[in-house]
1. Identify all residues within segment 33-91 that are of a type in the set (Asp, Glu) and out of contact with any helix residue (DSSP H, G or I) (no Cβ under 6 Å at 6 or more places or on another chain); write none if there are none.
2. Check segment 10-28 and report whether any residue there is modelled with pLDDT of 90 or more, charged (D, E, K, R) and either within 22 Å of the chain's Cα centre (by Cα) or crowded, with 18+ Cβ neighbours inside 10 Å (or both).
3. State the number of residues belonging to segment 145-175 that are closer than 13 Å to LEU187 by Cβ, among the hydrophobic types (A, V, I, L, M, F, W, C) and in contact (Cβ under 8 Å) with a residue 12 or more places away in the chain.
4. Only one of these is under 19 Å from VAL54 (Cα atoms), of a type in the set (Asp, Glu) and modelled with pLDDT under 95: ASP147, ASP75. Name it.
5. Could you figure out which of (1) part of a helix (DSSP H, G or I); (2) open to solvent by 50 Å² or more (accessible area, probe 1.4 Å) isn't true of LEU145?
6. Picking from ASP192, ASP161, ASP196, which residue would you name as being open to solvent by less than 80 Å² (accessible area, probe 1.4 Å), modelled with pLDDT under 90, farther than 30 Å from TYR71 by Cα and part of a helix (DSSP H, G or I)?
7. I need every pair where a residue in segment 129-144 that is within 30 Å of GLU79 (Cβ to Cβ) has its Cβ under 8 Å from the Cβ of a residue that is β-branched (Val, Ile, Thr) and part of a helix (DSSP H, G or I), sequence separation at least 6 or different chains.
8. Mind checking which residues of segment 148-158 are crowded, with 17+ Cβ neighbours inside 10 Å and either among the hydrophobic types (A, V, I, L, M, F, W, C) or on the phi < 0 side of the Ramachandran plot (or both)?
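The values are calculated or read from the model by the stated rules, or taken from the named source; none is laboratory data. In this text, all values refer to a predicted model and were calculated from it rather than measured experimentally. Backbone-built Cβ (ideal geometry, glycine too); neighbour counts: all protein chains shown. Surface accessibility is based on the protein's heavy atoms, side chains included, excluding ligands, DNA and RNA. Shrake-Rupley method; radii C 1.70, N 1.55, O 1.52, S 1.80 Å.
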Amino acid sequence: MVTNADAGEISLAENVVRVAMHPADQFEAFRDLVDRGLSADAVALRFGVSEAVVIKRLKLGRLSPVILEAYRNGDIDLEAAQAFAISDDHAAQERVFGDLPEWNRSARLIRSALTEDEISASDKRVQFVGLDIYENAGGLVRRDLFDDSHSGTILDPVLLDRLVTEKLIAIADGLRAEGWGWVEICLLYTSDAADDSLRV
């Protein structure tokens, strides 16, 4: 007896071998196989690809149908589709797709629009505290599956600022212990602050 998963797998295998499927069709087919009960590693084994490839195709297969159709129609390229995958929110994906002009739907702009309220892991505060310290304190990071650096964005700015403050306090306490008479903590150092310090 052929199950739905078996039928889907047979159809996908026939199309992959005999007909050049559009990548969007492959993404959806892999997604459907997993949704019907196959594990990602089982799909990988059966189709001769790595599990990492399957996971990436699943992520793309779960894009908004609007985004997948735009990719299928050539309105966006693969890099742009991958950029949309940074968010699982279909409404947000569709909003960004609609807001960006057709002539400028670059992957960089898409990622920026979908993470505009988040803090990049390359931010100086994150570098100061350390991404591992932030995560060990319970901070969440959104990682881009298609970004080789896997740097990601910080989802808890309040926690990050608390960790920055705590580290600065520890440094300030160390300086006071060395005998410094005046130590001030400033989260944002500006030229005005430098001028003020010169006048003190």
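1. Initial filter on segment 33-91 (of a type in the set (Asp, Glu)): 35, 41, 51, 69, 75, 77, 79, 88-89.
Selection gives ASP35, GLU69, ASP75, ASP77, ASP88, ASP89.
2. yes
3. The number of residues fulfilling the criteria is 6.
4. Only one candidate passes the filter, namely ASP147.
5. (1)
6. Working: ASP192 fails: open to solvent by less than 80 Å² (accessible area, probe 1.4 Å); ASP161 fails: modelled with pLDDT under 90.
Result of the check over ASP192, ASP161, ASP196: ASP196.
7. Note: pairs meeting the criteria are TYR134/VAL126.
8. THR153, ILE154, ASP156
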